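Shown next, in structure tokens, is the structure this report addresses.
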Amino acid sequence: MRSLAIRVNLFVLVTFAALAMVAVLWSYDGKSRMMRAQFEAIAANMAPTMIEVALLDDPESVVEMNRQARSFTQILSVRLTSLDGEPRYHYRQTGIQGSCTDDSGWLTPLIYGCMKVFKPLEFESQDWLLYEIELDTSELRQQTFRLVSAIAWLSLLCFWGVFRTTRRWLNEPLAEMVSHLPKVGSGELKLAKAASHRSELTLLARGLMQADRNLHTEHQQANELTDRLKQSLEAKSEFLANASHEIRTPLNGVIGFIDCLAAERSRLSEDGQEQFRLLEGSAQSLLQIVNDVLDFSKLEAGQLQLEPTPCPVTDFIQRIHAHFQGMARLHKVVFAVDISPKLPEFVLLDEGRTEQILGNLVSNAIKFSPGASVEIRVDWKVQGRQGELMISVVDSGIGIDSETLPYIFDAYTQADGSVTRRFGGTGLGLSICKKLADLMQARLLVHSTKGKGSEFTLAMPVTVVDDCSVITDKPALELLDKPLAGLSILLAEDNTSNQKLMQVMLKKLGCGSLVIAQNGQEAVDICHQRHFDLILMDCQMPILDGYRATQQIRLGPQAQILILALTANATSADRQRCLDCGMDAFLTKPITLSALNQGITQALRQHSSLQTG
């Protein structure tokens, strides 16, 4: 604001001073011309005397000429010469030293304080001689300097007046508006100075105050909307968590009993085995839907974290290829893999989430390409220590039409309704893949032609790992057929079907002594009465949940007992909550017999090593 005021006032000052100087110079030029004309006229009146002096050399004429020259105080000297340049007369005031400059410029009278008037003397239309008159212009110069000084002072006064005026009517209102700009939107903006002026600034100030009120209202509405949105998201998260738990609990019974009956599959007829296979596939499909919905919810809420670790890329791709060979044979799909020889041995990536993306892409490619071909292509682009891992899944299946392609990564989107009816699915898979790719700062690209096939490419920026010593290959856990032989186990579980399932599974694992508690409080009470080697603790139970039950058990006589969470709460936050309340390990439902065996065996060995250590 200060610079604006200074520039405005300087502009006014310079403009006024320039106009004033033009006026001064115009006045000076007029006066100097008038003075020159005046003395040319005087010379014309003195022409007879000058002729007598120059031609007759009469003493009386010389005296008269001197008298007339002295009568004009501005005349410093008079010089008369013949037309051929011969000096005839010269007069100079007493006390005058030197002579005026021969420069005839229009500023000479102002600079030197004198000027020369010289021209042929004309009398009766005939040139008789040449005269030269030096005139004193000091008075003209003083007048001009006084006028310049007056104009300078007047300019400063005008500058001060303009400065005070602009400061009052422009600077202060604008400064007030600028200083109050941070308050816009608070609803408290008051511009007293600007609003009181009768100018365009008043309209601006009123507009800002109105905008402040409008923004404040919109801000309040946005806050209310944000609060409602937060409440909705919290309700949604709570609903999804509860829905996931309630679906996983009965699903645990379905998948668990199917797994337990798998060993008896050979006793079934051919039709029975086919029905069993369909039952098993349906249960896994239902579990995949539940996992997809839960993953999508975590991605939307920003709760999913990546865990990059050194990964042997070639082995990783070969494992995915081997995993989907069965599905490819079932759909009569030729399934191939092409890995570039430039691929580094190890890179840093989140193997689990990358496998989730590629698994979804490969599964879709096989599903939508019955009787066709699918190929995984892996390429590498070097960028120093960094690189870009390009993994493409190419199929020759049904393809995607150009109208649907821009929306293929939207949630709950498939090509059309017939695709859902024919191939199934929720339409969440590709949306989850896209969100995971964004979380990895990767690009998920798609090219497709209807009826010719599709190509999905995952381009991931990764870091090459040269030192393979950072990879700690853990030896495979050796599982025992009867890891629970001779152990006494307490199962805290309120669901009847899960109680029966765990009885069957634990018996298969060698458990001979099993006590079931219907809720957390009952589990705490039983722990005070009997000794157990292992507790399998559900988290959501009536009366007392598994978290508080674990905390109370840790304060009792069996504070060091091994407690494993066996819950349908499957998020990382649930896992951390279980560990924070004192549980030793975390197993999720639905669970298979092999997963239960592995989880219990690993927990028993770790607990044993801690006890002996």
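The values are calculated or read from the model by the stated rules, or taken from the named source; none is laboratory data. Every value quoted in this text rests on a predicted model; they were computed, and no experiment measured them. Here Cβ is always computed from backbone atoms with ideal geometry, including for glycine, and neighbour counts include all displayed protein chains. What goes into the accessible areas is simple: the full protein's heavy atoms, side chains included, and nothing from ligands, DNA or RNA. Shrake-Rupley method; radii C 1.70, N 1.55, O 1.52, S 1.80 Å.
Observations, loosely collected:
- The stretch between residue 342 and residue 157 holds 58.4 nm of extra length on full extension. This uses 0.36 nm per residue minus the Cα-Cα distance.
- Cα-based shape type of segment 1-155, given that a ≥ b ≥ c are square roots of the gyration tensor eigenvalues and the cut on a/c is 1.5: prolate
- Of all lysines in the structure, the ones whose alpha carbon falls short of 25 Å from that of residue 183, not counting any fewer than 8 places away in one chain, are 193.
- Anchor residue 381: lysines whose Cα lies under 16 Å away (excluding residues fewer than 8 positions away in-chain): 342
- Relative to one another, the C-alpha centroids of segment 482-514 and segment 299-357 are positioned 36 Å apart.
- Probe 1.4 Å, accessible area per residue of the chain, Å²: 56
- Backbone amide hydrogens, once placed in the peptide plane, bring residue 586 within less than 5 Å of 565, excluding anything fewer than 5 places away on its chain.
- Residue-averaged 222 nm ellipticity for the chain, from DSSP H runs of 4+ at -39500 (n - 2.57), nearest 500: -17000 deg cm²/dmol
- Both the radius of gyration and Dmax for segment 307-464 are 15.3, 48 Å, in that order, over alpha-carbon atoms.
- DSSP beta bridge pairing in the chain, given as percent antiparallel to the nearest 5: 70
- Over 30 Å (Cα to Cα) - which of 236/589; 230/367; 332/507 fall in this group: 230/367; 332/507
- Most tightly packed first, judged by the mean number of other beta-carbon atoms within 10 Å of their residues, the peptides 520-527, 552-559 read 520-527, 552-559.
- Expressed as a whole percent, the accessible surface of segment 307-464 that belongs to carbon and sulfur atoms is 52, based on a 1.4 Å probe.
- Built amide H within the under 5 Å cut-off of residue 337, gap 5+: 376
- Modelled this way, with points 7 Å down the Cα-to-C-beta line, the labels at residue 221 and residue 55 are 10.6 nm from one another.
- Helix 59-70 and the longest principal axis of the C-alpha atoms of the chain enclose an angle of approximately 30°.
- Nearest-ten-degree value, helix 593-612 long axis tilted from longest Cα axis of the chain: 80
- Between 0 and 90 degrees, the angle of helix 200-261 with respect to the longest Cα principal axis of the chain falls at about 20 degrees.
- Portion, in percent, of the accessible area of segment 1-155 that falls on carbon or sulfur, probe 1.4 Å: 59
- Packing rank of 206-212, 371-377, where each peptide gets the mean count of other beta carbons within 10 Å, highest leading: 371-377, 206-212
- Per residue, the average separation of C-alpha pairs within less than 8 Å and at least 6 apart gives segment 1-155 a relative contact order of 25 percent.
- Taking every C-alpha pair closer than 8 Å and separated by at least 6 residues, the mean separation divided by the residue count of segment 488-611 gives a relative contact order of 22 percent.
- Residue 231 versus residue 64: modelled label distance in nm, points set 7 Å from Cα along the beta carbon direction: 12.1
- Relative packing of 62-73, 251-262, which averages over residues the other C-beta atoms within 10 Å, highest first: 251-262, 62-73
- Cα gyration tensor, segment 488-611 - rounded (a/c under 1.5), prolate or oblate: rounded
- Partner aspartates and glutamates for residue 482 [C-alpha distance under 18 Å; skip if fewer than 8 residues away on the same chain]: 259, 533
- Across the chain, Cα-Cα pairs more than 34 Å apart make up 69 percent of the total.
- Measuring between their Cα centroids, segment 518-545 and segment 214-280 lie 26 Å from each other.
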